[in-house]
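Visitor: After the structure tokens below, expect a handful of questions from me.
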Amino acid sequence: SISHDLKTPLASILGAAGTLRDYRQALPEEDRSALLATVIDESERLNRFIANLLDMTRIESGAMEPNAALIDVADVVGSALRRAGKITAGHHVETALPGDLPMLRLDPVLFEQVLFNLLDNAAKYAPAGSAIAIRARQDGGEVLVTVADEGPGLPPSDLERVFDSFYRVRKGDQVRAGTGLGLAICRGFVEAMGGTITATNRTNRSGAVFIIRMPANAQPKPLEPQT
């Protein structure tokens, strides 16, 4: 899995860069721009993959300690949406974030990464033109943040396994592209900040829903090394 996910973007980068080097003067400007876009897009994809590997290593070694502060959830959602803008460009992103939500004590960098991974996952599995919804609400002493898509949903047997490292949901006979680390990192980061994350399916239409529950007065804790 790691070998394939490293080689695929590298092959695209090398091919596009080699073509630009050897045929730059003969190529129309439109083709040069397209090749440069390929280099940038595939480099960003490779960077995300390497970042996921490093994050997973930190989680499994217990070398991560959240840098907690009182944060407005809407601010972190906004940052995650801006960062994921290119990934979600083919979808309609909807938000419902009440203005009276309590502040949460969490690490904004880790929480933004969780939301980014969930948006990336939703965009990957949901068809182009469908909606991705981010909603938040208070439920007693907790704040719930949900990310829902309009994809095929999750097989019941995968609702827990999707958080395993390198596990990727099958669609028919195909395994979806990706590293299989994004959701495992989501769980590690959320639990490090004192919350929980679960997966389920929408009841009113097809699609998956990921539910983050954060205590309003969460006290982040260092991760224990995994055995």
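Visitor: Looking only at the range 70-86, which residues are open to solvent by less than 40 Å² (accessible area, probe 1.4 Å) and either within 13 Å of the chain's Cα centre (by Cα) or without any contact (Cβ under 8 Å) to a residue 60 or more places away in the chain (or both)?
Guide: ILE71, VAL76, VAL77, GLY78, SER79, ALA80, ALA84, GLY85
Visitor: Filter the range 107-141 for residues that are out of contact with any Leu (no Cβ under 7 Å at 6 or more places or on another chain), aliphatic (A, V, I, L, M) and within 13 Å of VAL73 (Cβ to Cβ) and give the result.
Guide: Those that are out of contact with any Leu (no Cβ under 7 Å at 6 or more places or on another chain), aliphatic (A, V, I, L, M) and within 13 Å of VAL73 (Cβ to Cβ): VAL114, LEU115, ILE134.
Visitor: Restricting to the range 3-56, name every residue that is within 22 Å of VAL114 (Cβ to Cβ), out of contact with any Asp or Glu (no Cβ under 6 Å at 6 or more places or on another chain) and either open to solvent by 60 Å² or more (accessible area, probe 1.4 Å) or not small (Gly, Ala, Ser) (or both).
Guide: ASP5, GLU44, ARG45, LEU46, ASN47, ARG48, ILE50, ASN52, LEU53, LEU54, ASP55, MET56 - these are the residues of the range 3-56 that are within 22 Å of VAL114 (Cβ to Cβ), out of contact with any Asp or Glu (no Cβ under 6 Å at 6 or more places or on another chain) and either open to solvent by 60 Å² or more (accessible area, probe 1.4 Å) or not small (Gly, Ala, Ser) (or both).
Visitor: If ASP149 satisfies every condition in (1) charged (D, E, K, R); (2) at pLDDT 95 or above; (3) over 29 Å from THR8 (Cβ atoms) but one, which is the exception?
Guide: (3)
Visitor: Pick from the range 113-155 the residues that are assigned to a loop (DSSP other than H, G, I, E, B), touching a strand residue (DSSP E or B) at 6+ places or on another chain (Cβ under 8 Å) and under 19 Å from VAL190 (Cβ atoms): which of them is most open to solvent (accessible area, probe 1.4 Å)?
Guide: That would be GLY141.
Visitor: Let me ask something additional. Among residues belonging to the range 142-159 that are acidic (Asp, Glu) and within 25 Å of VAL76 (Cβ to Cβ), point out the one that is nearest to the chain's Cα centre (by Cα).
Guide: Out of the qualifying residues, it is ASP149.
The values are calculated or read from the model by the stated rules, or taken from the named source; none is laboratory data. Every value quoted in this text rests on a predicted model; they were computed, and no experiment measured them. FYI the Cβ positions are ideal-geometry reconstructions off the backbone, even for glycines, and counts take in every protein chain you see. Remember, those area values only see protein heavy atoms, side chains included, never the ligands or the DNA or RNA. Shrake-Rupley method; radii C 1.70, N 1.55, O 1.52, S 1.80 Å.
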